[in-house]
Amino acid sequence: MGTKNNNNLFFACSLIEYIGRKVKRRRCEVVDGLGIERISRIYDYADVFHCEPIEKVATEFIEEGGISKGNYDNEAACRYTVPDYWSIGEVYERLIEDSYSDENIVKGIWQVYHSWIDEHISDYNTDFYYQPRDYIAACYEEGVVL
């Protein structure tokens with residue numbers, strides 16, 4: 001559907017993942033805390049934000065969005081090697097690219113992170129997150145792990 005390897009989307013999804021790990025919140029809660037306007041800004045200006053250390057950008061958006069610490073820790077729950085936030089960002093990037101047109105990317109970010117699939121991608125004790133992108137997109141479309 002969308003442009004393959006959308007760098008702005010990759011950065012936005014990786015930042016959401018980074019923030020989620022930092023504040024120990026489900027990714028849908030991070031998206032709620034950021035809100036659609038901030039997400040749109042992150043997406044539109046990702047090339048600028050990408051020039052800064054991700055820790056700094058994350059801290060600014062956590063403060064700006066008033067995102068408090070939670071107790072969701074999918075890293076600690078992981079019995080295996082924890083995938084890095086760039087790897088998980090890429091899973092979300094590909095899913096959103098494969099499921100939404102370029103003009104609906106921000107809407108796609110909102111919908112994917114608020115869908116049932118978010119819980120499955122965030123479960124690092126399964127092999128779901130490293131399945132082929134077309135399989136993950138098909139699962140999302142069907143509304144169930146196939």
Original post:
Could you say whether any residue in segment 8-18 is in contact with a His (Cβ under 8 Å, 6 or more places away or on another chain) and modelled with pLDDT of 95 or more?
Top reply: yes
Original post:
Is it fair to say GLY33 is of a type outside the set (A, V, I, L, M, F, W, C), open to solvent by less than 40 Å² (accessible area, probe 1.4 Å) and touching a residue at least 40 places away in the same chain (Cβ under 8 Å)?
Top reply: no
Subject >> In segment 111-139, residue farthest from the chain's Cα centre (by Cα) [restricted to those that are open to solvent by 40 Å² or more (accessible area, probe 1.4 Å) and among the aromatic types (Phe, Trp, Tyr)] >> reply: TYR135
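The values are calculated or read from the model by the stated rules, or taken from the named source; none is laboratory data. Quick caveat: nothing in here was measured; it's all calculated off a predicted structure. Heads up, the Cβs are rebuilt from the backbone with ideal geometry, glycines too, and the neighbour counts pull from every protein chain shown. Heavy atoms of the whole protein, side chains included, go into the accessibility calculation; ligands, DNA and RNA do not. Shrake-Rupley method; radii C 1.70, N 1.55, O 1.52, S 1.80 Å.
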